[in-house]
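These notes concern the structure reproduced below.
The values are calculated or read from the model by the stated rules, or taken from the named source; none is laboratory data. Computed from a prediction, not measured in an experiment: that's the story for all the values here. Every residue, glycine among them, receives a Cβ derived from its backbone with ideal geometry; neighbour counts consider all protein chains shown.
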Amino acid sequence: MPDHDPPLRLAVVGHTNTGKTSLLRTLTRNPRFGHVDDSPGTTRHVEGARLLVDGLPAVELYDTPGMEDGIALLDYLDQLAAPGMRVDGPERIRRFLDSPESRRRFEQEARVLHKLLECDAGLYVVDVRDPVLGKHKDELAILASCGHPLLPVLNFTHSPDQRLASWREALGRLGLHAIVEFDTIAPALDGEAQLYDKLALLLDKHAAALVALKNDVALQRERRHADALRLIAELLVDAAAFRASSLPEHDALETAALALRRAIRNREAACVAALLKRYNFRSQDFPAHTLPLEGERWGMDLFHPQALKDVGIHVGKGMAAGAMAGATLDAFTAGLSLGAATLLGAAAGGLWQGADKLGKRILGRLKGYQELSVDDAVLRLLALRQLGLARALEERGHAAQKPIELDVQAESPASPERENWRSGKLPDELLEARSRPEWSTLAEDYRAGPRRSEVVLSLARKLGTFRTGDITR
Amino acid sequence: MEVRRARSEGRDFEQRVLIRARYLAQREKLDQLIQQWLQGSRLALTALCLVAVLAGAGAALGALGDGSRPVNLLLALVALLGLNSLSFLFWLLSFAVGTPSGGTWLGESWLWLTRKLARGPDAALLPRALMELLNRGKALRWLLGGVSHALWSIALGSLLLTMLGILSARRYSFNWETTLLSPDAFVAITTTLGWLPAQLGFAMPSAAIIRASDGLQQLPESAQALWSSWLIACVVVYGLLPRLACLIFSLGVTKARLGAISLDPGLPGYAELRDRLSPVSENAGIDAPQAPAFQAHIRQGQYAYPPSDQPLLVGIELPPDRPWPPPGLPVTVADLGVVESRSQRRKLLDDLQARPAQRMLMACDAQQTPDRGVVALLADLAGMAADSHVALLGLAAPDTVHGTRAAIWQDKLLAAGFSTEQIHTDLAPALDWLAGVPAGDDAARNAHAGS
């Protein structure tokens, strides 16, 4: 690519244990980058990552070791400067890099300064829970003498014991007025946009690339959101359409209900895995779902009445408990009334397969088989839980270490859309899916027509209105 | 593996998905299956074409007979075109009803036959995937319709040729028979059916000839020729031409729809791949392997001056919001203040150089991270006192984070040469030690605190 500009190079610098590697993880959306621990000197080498736009590197980020010995280093730099000679900052740093101590006591600092000299700018990561101390000012003075712009990135701003104001004041006194707040654990939705905007102000030569990167980040987020909604819509259609047939005896019905529950649980787990993958999180970020086939919980088992109550879904009398929990006996009426058009079409076209399938069901009905399908309340719970998960993933930084906790509890602030999922009428798309058992990928005779994808897309659009006013860009 | 190759070869996400799919298909030998299936489908189509040819010829022979008996015109027409028209009608109806594959059982039977021909493991995967893809692209109905129309066209073509052949080679006489209808009705039917062919230039029998063809009168040879032309025209105009027109139309639509099929990157299976195939970032490697970290050690110095007896207390990099000096400080203890800046550090070191201490307590904030700089400072200071302890402050409310940080402080201090007795996790016992109170002597401490 000869006409392609070289990527912007940024060194992520800062005091030790302030979350430099975390910042890289969040910006690269890669939870496997580097090594993160609450201890000093976790990163002891420079590690790079490229942010890609359309497959081409737009920005190169370098994770550096923490500055740990700024005061002593500044002393040493003063020693190196021969009296009576005026040398500028970068030259002083170069002399330091040639000196023996740069390979001993200040080996880590030397790596940082070496990288910063090569880069276009530095992101100075601050843990705002730390007090502003002389060592921070000294290390900032050293970093500034590399002659490249520094953008302070304030991390852990959501922490209750933050010292945001004193940091802002101190940085301002040092002449650093362009500051960005970016909590690597739970970044604001527009956090990255703010970061790139501020960088573009400092580096007007690279402003175009940064704007492109910012737009790409927004585009990717929208894409992820749309994909997530589609995954959830697929899950709901699969669950709504699924039917298990059984002889109308008590034992057989119980076995069938058990099989139905297992199938739906596995399907939900698959959806969770797909969402985690789509948002590039590891499965251990959401350990709750590696759960049980029988009983206990995924946080709370899908078919446990308490799980429904927890998210505020009204459980009516129709909702059976015990062995038949979450399953509804289907009287076949819906299947037949909507099947009539298919029957007509099948007969008209001589389409034996369609007729055959419908025939089998009618025959089964005549033989006395009964069909089980998933209860409405379970569909509601599936929708609410998966939407809650998608939202949590959207707001989660890739540096976060704690497992995800869902916020779909009944007492959480209710939006009208969420209320609609709790108690309103189920969307027409799901009602239609109910009458199309062949639409469920869980079914043995799965057969999808174009209508299924239309229904899935339209359901995904409806799910999209669940979340309102979250993205304000 | 396939992902890496796809990433290096494809430009955008859709392309990479396709390239990956191709490599996976090669690995799983799906491409061979596709070949097999294509072969099977060709074979099935050939077989169906042959059947169509035979059926067409058979229909013609059956409808016209061997010439020994006069041919009943209307019955012959129904025999030639009846089934064709019925299935054609169903095909048109299927648009109104909207069945998925468009009500073409000839097309369906082609698929069925192919499935029977191309057997093997995973053989069911391919047609299923094909159906799904065509269905998604809304091309299935038109493809199957095209196959059906093609087969009917072949059958009708063969029927027509057979008719031409036997009409040329044999003598047939045509008539109409009726018990219920009047001759006028027959004239009306025949002329109505003949109107469209007449527009296209086919010679049609006149009303007089129609009336005369009741099988009771002798007809001239030209009239028989006219009737055969009527029959052929009806087959061409009402059978072959509509089928050919629909065939061309179906093929056209199929081609357009197939051309328009593109990857839907939002489909669940593909959406999951996006981060692997089109990652938003990639790793760029490290500069050099990490070196062992520098470790400061306590070096007990030789004092130029005798150490003073007064115990010293110094705060190291304590946050400004922590009260200093600590309340209850014994009067005997000299407070050296909080040291955090470079000049303060230098002054403290110079002072201690000039007046080493017998006993010194260094108070640190355990909520901060112990970095190399502060550990080195503690080690330097410890080297300037005969006996020095470290107190870790801020552990009063132990939660998880501060718990681990206390452990890190311990580790770092031990590595620098402090012993566990020299490290206090609370200020009060540390001050006791500093004031020379034996551990556990509460009364003495209270006395100090009170004074």
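Rundown of residues vs (1) in contact with an Asp or Glu (Cβ under 7 Å, 6 or more places away or on another chain); (2) under 22 Å from B:Val237 (Cα atoms); (3) modelled with pLDDT under 85; (4) crowded, with 20+ Cβ neighbours inside 10 Å, yes/no style:
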position	(1), (2), (3), (4)
B:Ser85	no, yes, no, no
B:Ser94	no, no, yes, yes
B:Pro100	no, no, yes, yes
B:Leu117	no, no, yes, no
B:Leu160	no, yes, no, no
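Screening the candidates B:Gly194, B:Gly266, B:Gly239 for the property of being in contact with a Pro (Cβ under 8 Å, 6 or more places away or on another chain) and among the small types (Gly, Ala, Ser) yields one hit, B:Gly194. Of all the listed residues (A:Leu73, A:Leu116), the sole one being crowded, with 20+ Cβ neighbours inside 10 Å and farther than 16 Å from A:Leu10 by Cβ is A:Leu73. Take the residues in the range A:71-87 that are of a type outside the set (Gly, Ala, Ser) and away from chain B (no Cβ under 12 Å), then tell me which one is nearest to A:Pro6 (Cα to Cα). Among those that are of a type outside the set (Gly, Ala, Ser) and away from chain B (no Cβ under 12 Å), it is A:Val87. Looking at the range B:243-286, which of the residues that are facing another protein chain (nearest Cβ under 8 Å) and among the polar types (S, T, N, Q) is nearest to B:Ile19 (Cα to Cα)? That would be B:Ser278. Annotation note: of A:Glu68, A:Glu109, the sole residue that is in contact with a Leu (Cβ under 8 Å, 6 or more places away or on another chain), within 11 Å of another protein chain (Cβ to nearest Cβ) and crowded, with 18+ Cβ neighbours inside 10 Å is A:Glu109. Candidates are the residues of the range A:34-52 that are under 18 Å from A:Leu213 (Cα atoms) and in contact with a Phe, Trp or Tyr (Cβ under 7 Å, 6 or more places away or on another chain); the one that is nearest to the other protein chains (Cβ to nearest Cβ) is A:Gly48. Considering the conditions (1) within 12 Å of another protein chain (Cβ to nearest Cβ); (2) crowded, with 21+ Cβ neighbours inside 10 Å, A:Phe96 is excluded by exactly one of them, (1).
Of all residues in the range B:410-435, exactly one satisfies the criterion of being in contact with a Pro (Cβ under 8 Å, 6 or more places away or on another chain), modelled with pLDDT of 90 or more and not charged (D, E, K, R), namely B:Leu413. Checking A:Pro57, A:Pro31, A:Pro90 one by one, the residue that is more than 9 Å from chain B (Cβ to nearest Cβ), outside any helix (DSSP H, G or I) and under 41 Å from the mean Cα position of the chain (by Cα) is A:Pro31 and no other.
Which residues, taken from the range A:17-34, are out of contact with any helix residue (DSSP H, G or I) (no Cβ under 7 Å at 6 or more places or on another chain) and surrounded by fewer than 23 Cβ atoms within 10 Å (Cβ to Cβ)? Scanning the range A:17-34 gives A:Arg29, A:Asn30, A:Arg32. Of the strands (runs of 3 or more DSSP E) lying entirely inside the range B:287-396, those carrying at least 2 residues that are in contact with a Ser or Thr (Cβ under 8 Å, 6 or more places away or on another chain), surrounded by 15 or more Cβ atoms within 10 Å (Cβ to Cβ) and at pLDDT below 90 are B:357-365.
Rundown of residues vs (1) more than 37 Å from the chain's Cα centre (by Cα); (2) over 22 Å from B:Arg372 (Cβ atoms), yes/no style:
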residue	(1), (2)
A:Glu101	yes, no
A:Ala121	no, yes
A:Tyr124	no, no
A:Leu140	no, no
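Going through (1) part of a helix (DSSP H, G or I); (2) at pLDDT below 80 one by one, B:Leu151 falls short only on (2).
For the range A:122-159, how many residues meet the condition of being among the aliphatic types (A, V, I, L, M) and within 12 Å of chain B (Cβ to nearest Cβ)? Qualifying residue count, the range A:122-159: 4. Could you tell me whether the range B:47-54 includes any residue that is small (Gly, Ala, Ser) and farther than 24 Å from B:Arg136 by Cα? Scanning the range B:47-54 turns up at least one residue that is small (Gly, Ala, Ser) and farther than 24 Å from B:Arg136 by Cα. With respect to B:Phe95, determine if the residue is among the hydrophobic types (A, V, I, L, M, F, W, C), over 22 Å from B:Leu156 (Cα atoms) and part of a helix (DSSP H, G or I). The answer is yes for B:Phe95.
Against the test of being at pLDDT 85 or above and either hydroxyl-bearing (Ser, Thr, Tyr) or under 18 Å from the mean Cα position of the chain (by Cα) (or both), the options A:Glu454, A:Glu405, A:Glu395 yield a single qualifying residue, A:Glu395. What do you reckon, is B:Ser281 in contact with a strand residue (DSSP E or B) (Cβ under 9 Å, 6 or more places away or on another chain), among the hydroxyl-bearing types (Ser, Thr, Tyr) and at pLDDT 85 or above? Here the answer is yes, as B:Ser281 does meet what is asked.
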